[in-house]
Amino acid sequence: TAELNQYVTNWNEISERKRKQRNWTCEACSVNLSDLRGSLHCHHISGVVTDNTDENLMVLCAICHSEQPFHNRMGVPEEVKREINLLRIEQNLKTS
């Protein structure tokens, strides 16, 4: 249980399980971040952080996560962007 807009106490476990289910791969750009797990996030589609149903959770790399509605203030350090884009290149994926 959690108050509105406060993550549940076991959020880290929920996030880890969801990212593992998706094989550490971004659902938007398909980059596999199994070697850079901290740059793979679990996003609440509806924006309600207390709704942890499978339908409301999406696994995204930090870059794709920052491009979601209302996430424009979410800063992604240049080093992280560079690392993700290098993996995208190695995996023959589109870079940003």
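The values are calculated or read from the model by the stated rules, or taken from the named source; none is laboratory data. This structure is a prediction, so every number in the text was calculated from the model and none was measured. Heavy atoms of the whole protein, side chains included, go into the accessibility calculation; ligands, DNA and RNA do not. Shrake-Rupley method; radii C 1.70, N 1.55, O 1.52, S 1.80 Å.
Exactly one residue out of Val48, Val31, Val76, Val59 is of a type in the set (Val, Ile, Thr) and open to solvent by 30 Å² or more (accessible area, probe 1.4 Å): that is Val48. Look at Val49 and say whether it is in a loop (DSSP other than H, G, I, E, B) and of a type in the set (Val, Ile, Thr). Taking the combined requirement at face value, the residue satisfies it.
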